[in-house]
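None of the figures in this text is laboratory data; all of them are computed from the coordinates on show. Keep in mind that what you see is a predicted model, and the values were worked out from it rather than measured. Positions of Cβ are backbone-derived with ideal geometry, glycine not excepted, and every protein chain shown enters the neighbour counts.
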């Protein structure tokens, strides 16, 4: 209790303001990144053109052919992931499951992107 | 200073008191950085950043120029000791340190009466993590939504910014502690 009180004594009025602003910023990030509504649809693009649009409600997997080979995308339990990709760095595979509106896994070398969209799309388009 | 020693010309570098101070404080910061590198971390990149306590103390006592030197030496020499010099980890460390120093420079106008070490520490911690996430997203892992993890990193920055700031504020308020343990040493050595 004593240590707690002496810690409080070290804080000025401005310090409290900075801490409060920081806490609000953290909360805003949590709301923005973690509490966005779950998406309902998945859009797979190949070379910038829509390859497939599907609902996340039903589990399925699909093979998307690209310039390097086949990118496998699967949907299970309202989540989607890139299961395998011929790209050298495997960034989109390591990204794992995506389920929130606006999230995307992009396999740049094979020109395949998987994007989660809601009922109403928040953005007209996303370009990479 | 140039001098003759037999046939050879000898170059003697005379370190100033400030050189000694910077070297001593940078060594202290590097020791904290190495200790911390041995600790396990729940999320890669989330560390308390104890060396920043030294940066804050230096900033408050000797000014931004000395703080810049101490932080720069710590990043470069610390990475050489850890074997990560010029690796992506080093670039992240450097980027974070530069962003923190830039914010500390901007924050120098804040009235000291209201904004103490805790304010500076929290602001620098946020700048640090923002710079690192930006470097990762633009350079190391383009295309991966690294900002998805930003709430966790920001929360860690807030917490460790607060704790480091409290330690620094305590040490600044009780200067006898620092003087006895170290600050006096280089004065007598120099």
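Applying the Kirkwood pairwise sum to the alpha-carbon positions of the stretch A:41-117 produces a hydrodynamic radius of 11.9 angstrom. Hull volume per residue, based on the alpha-carbon atoms of the protein assembly as shown and their convex hull, is 197 Å³. Comparing Cα centroids, the stretch A:1-56 and the stretch B:84-105 end up 23 angstrom apart. When the square roots of the Cα gyration tensor eigenvalues are ordered a ≥ b ≥ c, the ratio a/c for the stretch A:1-65 is 1.5 or more and a/b exceeds b/c, which makes its shape prolate.
Looking at the square roots a ≥ b ≥ c of the eigenvalues of the Cα gyration tensor of chain B, which shape do they give, rounded for a/c under 1.5, prolate if a/b is larger than b/c, or oblate? Since a/c reaches 1.5 but b/c is at least a/b, the shape of chain B is classed as oblate. Between helix B:117-135 and chain B there is an angle of about 70 degrees, using the helix long axis and the longest principal axis of the Cα atoms. Contact order, relative form, for the stretch B:19-134: 24 percent (alpha carbon pairs under 8 Å, 6 or more residues apart, mean separation divided by residue count). Helix A:13-34 against the longest principal axis of chain A: what's the angle in degrees, Cα atoms only, rounded to the nearest 10? Around 20 degrees separate the two axes. Shielding of peptide B:159-168 by partners, expressed as the average count of other chain Cβ atoms within 10 Å per residue Cβ, is 3. Neighbour counting of Cβ atoms within 10 Å sorts the residues A:27, B:91, fewest neighbours leading, into A:27, B:91. Peptide A:23-33 shows a mean partner chain C-beta count of 5 within 10 Å per residue C-beta. The alpha carbon centroids of the stretch B:151-177 and the stretch A:97-117 are separated by 38 Å. Rounded to the nearest 10 degrees, the inclination of helix B:17-37 to the longest alpha-carbon principal axis of chain B is 40 degrees.
Given the DSSP H assignment, sum -39500 (n - 2.57) over each helix run of at least 4 residues in chain B and divide by its residue total; what's the result at 222 nm in deg cm²/dmol, nearest 500?
-21500 deg cm²/dmol
When each of A:44, B:13 is scored by the number of other beta-carbon atoms lying within 10 Å, the sequence from fewest to most is B:13, A:44. Mean per-residue shielding of peptide A:87-95 is 2, counting Cβ atoms of other chains within 10 Å of each Cβ. Note on A:91, A:42: ascending count of other Cβ atoms within 10 Å places them as A:91, A:42, the fewest first.
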